Amino acid sequence: MTELSLRLAVSLAQIVAEMGIVILTIATMTYFERKVLAWMQDRMGPMEVGPYGILQPVADGIKLFFKEDITPAGANKAMFALAPMLTMVVSLIGFAVIPFGPNITMDIFGITIKPFVVADINIGILYILAIASIGAYGIILGGWSSNSKYSLLGGLRAAAQVISYELNVGLAIVGVLLLAGSLSLVEITAAQAGGFWHWFIWGARPDGYFPIHTQIFAFVVFIISAVAETNRIPFDLPEAESELVAGFFTEYSGMRFAFFVSAEYASMTLVSCVAASLFLGGWNAPYPGTIFGYVGLEQLAWVEHIAWFASKVYFFLFLFIWIRATLPRLRYDQLMRFGWKVMLPIALANIIITAITVYFFPR
Amino acid sequence: MTFKNWIKTITFYEILVGMKVTISHLIHYRPITLQYPHEKRTLPDNYRGMLALLRYDDGTEKCVGCDLCEAACPSRVIRVVSAEVPGEPTKRYAKEYYMDMTRCLFCGMCVDACPVDALGMTREYEWAVYDKRQLDLNKEQLLAIGDRSFPVREKQLELQHPNVAFFNVAFKHLPQKPG
């Protein structure tokens, strides 16, 4: 076996494992969201399929898989079929650059791989921004090709909203990039090692505790813009049920509908991973080192790192659900005004202030 | 805008208050949901459920075919075909009795209108069917509902309290007013 094919096989195995985890997370999230939302609204959520409705994602999957796949009359068939695939693929391949665990290397069959990140490319965050922009095309195409006024309106809204808020996401992370001096998510995460005061949300210098480089404003801007970019309540105007039936996926049914819904949860998970990596130190524990390291089990430290990363990601996912249970939908002009006149100046001011502090107090 | 309001705005104070409410409902979790097919709520005493025709304790039908229920019904649910009891020209009964329960709004006016208490409202409500023609009930079905919902039956009118209405004074061979 040549080295190239071996490398391909190892990469494929890594991708399959990661996709399995992500799809399992999506399935869990569909259940978790319905449950948590129900609990917050004094309901019970799914209770029928399995104990406490635990098999509801499986039942939903089977149901959607066997549903009739309807293409509306007058729809652009090629585009109509392309849109859900584009949305799903784009929201899944973003996970390639997310570091799930420590930046260690291991040798398998003579080739060196990083087990916890599929592709450690040096422009990881730029790649994620680019991929997230392509995701908007899936929504716009789905809205346009359905030959339905609700879908079209939803697609148009999604276009305007994603463009407005993507700008804020891009500007909010510039401060982090200034501090880390790298676009690679692996190196950004590694720069935050050694306790929560080194996380970029607190922003102490590597030798101190004082939050001189704090990115808390960038963090807030990033989280709000991430909610808007994933079309979640209170920014769910592209799929506003009370106005547009279901927005851009009004005409979709069966597996294609499932693709759109899964893509929403996948992009939720993706922005949670990015937020955890950029601002909350990714796989770093909030204390220096690891507990496994202190008790002499250094080779098991990756378990602790992954547990911390997962808990941060699930905290953000819970936050998304929590916000959904609390807030009503914004009006369209409020959404645009908030994005351009509030978030954008804060993000720009954050860049300037971070640049000044980094210049005078270099890391 | 005062300074206090400005602080509230930049710290998302109102949103945090709302989120505190939702999380407190999550922590003090008391669902108001009733898991319906598995657990059923207690019905009030005057619950107006499925209509039924009743019988006396000797098994004869109470209904005298007077059509007052048909007249009282606001939704035209009831259709009565009245006839003489064979061999007894002064007594009438409902030869046919239909209730189209798809139209019934369970107001209970037919029960109030009945002079001989031949109609009753049971506590049944699970009457969902796949074919709505099954809800056009005839006399036998209505009597069967009454039989299973009211197992304790009244005595014949003339055997009850002496002051109740009593119509067959001229027929000495029938049971007489007691006392």
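The values are calculated or read from the model by the stated rules, or taken from the named source; none is laboratory data. Note that the coordinates shown come from a computational prediction; the quantities given were computed from them, not determined experimentally. No Cβ is skipped: glycine too gets one built from the backbone with ideal geometry, and neighbour counts run over all protein chains shown.
General remarks:
- Residue in region B:7-19 that is modelled with the lowest pLDDT, counting only those that are facing chain A (nearest Cβ under 9 Å) and at negative phi: B:Ile15
- When the residues of region B:50-76 are filtered to those that are at pLDDT below 90 and among the small types (Gly, Ala, Ser), the one that is farthest from B:Thr122 (Cα to Cα) is B:Gly65.
- Pairs with Cβ under 6 Å, 6+ apart, first in region A:32-51 and without any contact (Cβ under 8 Å) to a residue 60 or more places away in the chain and facing chain B (nearest Cβ under 9 Å), second part of a loop (DSSP other than H, G, I, E, B) and buried (at least 19 other Cβ atoms within 10 Å of the Cβ): A:Ala38/A:Gly45
- Residue among B:Glu88, B:Glu158, B:Glu154 that alone is modelled with pLDDT under 90, surrounded by 17 or more Cβ atoms within 10 Å (Cβ to Cβ) and over 17 Å from the mean Cα position of the chain (by Cα): B:Glu158
- Considering only residues in region A:200-218 that are within 22 Å of the chain's Cα centre (by Cα) and buried (at least 24 other Cβ atoms within 10 Å of the Cβ), the one that is modelled with the highest pLDDT turns out to be A:Ala218.
- Every pair of residues 6+ apart whose Cβ atoms lie under 9 Å, when the first sits in region B:121-143 and is over 17 Å from B:Arg48 (Cβ atoms) while the second is of a type in the set (Gly, Ala, Ser) and assigned to a strand (DSSP E or B): B:Lys139/B:Ala94; B:Leu143/B:Ala52
- All conditions in (1) within 14 Å of chain A (Cβ to nearest Cβ); (2) touching a Leu at 6+ places or on another chain (Cβ under 6 Å) hold for B:Met101, with the sole exception of (1).
- Evaluating B:Thr90 against the criteria (1) under 30 Å from B:Cys107 (Cα atoms); (2) in contact (Cβ under 8 Å) with a residue 60 or more places away in the chain leaves one unmet condition, (1).
- Restricting attention to region B:113-148, the residues being part of a loop (DSSP other than H, G, I, E, B) and in contact with a Cys (Cβ under 9 Å, 6 or more places away or on another chain) number 4.
- Looking across region A:102-124, the residues that are of a type outside the set (A, V, I, L, M) and either more than 25 Å from the chain's Cα centre (by Cα) or more than 20 Å from A:Leu177 (Cα to Cα) (or both) come down to A:Thr105, A:Asp107, A:Phe109, A:Gly110, A:Thr112, A:Lys114, A:Pro115, A:Phe116.
- Selection count where residues are part of a helix (DSSP H, G or I) and within 14 Å of another protein chain (Cβ to nearest Cβ), scope region A:322-332: 5
- Condition check for A:Gly289: within 30 Å of A:Leu92 (Cβ to Cβ), away from chain B (no Cβ under 14 Å), of a type in the set (Gly, Ala, Ser) and not in a helix (DSSP H, G or I): no
- Within region B:15-58, the only residue that satisfies the criterion of being acidic (Asp, Glu) and surrounded by 11 or more Cβ atoms within 10 Å (Cβ to Cβ) is B:Asp57.
- Options A:Ala27, A:Ala75; residue that is of a type outside the set (Lys, Arg), closer than 19 Å to A:Gly247 by Cα and either touching a residue at least 24 places away in the same chain (Cβ under 8 Å) or touching a strand residue (DSSP E or B) at 6+ places or on another chain (Cβ under 8 Å) (or both): A:Ala75
- Within this structure, A:Ile346 passes the test of being of a type in the set (Val, Ile, Thr), surrounded by 16 or more Cβ atoms within 10 Å (Cβ to Cβ), over 21 Å from A:Glu243 (Cβ atoms) and in contact (Cβ under 8 Å) with a residue 24 or more places away in the chain.
- Entry remark, region B:103-112: residues being assigned to a loop (DSSP other than H, G, I, E, B) and loosely packed, with under 14 Cβ neighbours inside 10 Å number 1 in total.
- Number of residues in region A:1-31 that are β-branched (Val, Ile, Thr), under 16 Å from A:Phe95 (Cα atoms) and loosely packed, with under 15 Cβ neighbours inside 10 Å: the value is 3.
- Cβ-Cβ contacts under 6 Å between residues 6 or more apart (or on different chains), taken from a first residue in region A:285-301 that is polar (S, T, N, Q) to a second residue that is surrounded by 12 or more Cβ atoms within 10 Å (Cβ to Cβ), are listed as A:Thr290/A:Ala301; A:Thr290/A:Glu304.
- Being out of contact with any Leu (no Cβ under 6 Å at 6 or more places or on another chain) and exposed (fewer than 14 other Cβ atoms within 10 Å of the Cβ) is a condition met by at least one residue of region A:39-48.
- Of the residues making up region B:29-38, those that are more than 9 Å from chain A (Cβ to nearest Cβ) and closer than 20 Å to A:Leu327 by Cα number 0.
- Region A:293-321, subset within 14 Å of chain B (Cβ to nearest Cβ) and buried (at least 19 other Cβ atoms within 10 Å of the Cβ), residue farthest from the chain's Cα centre (by Cα): A:Ile321
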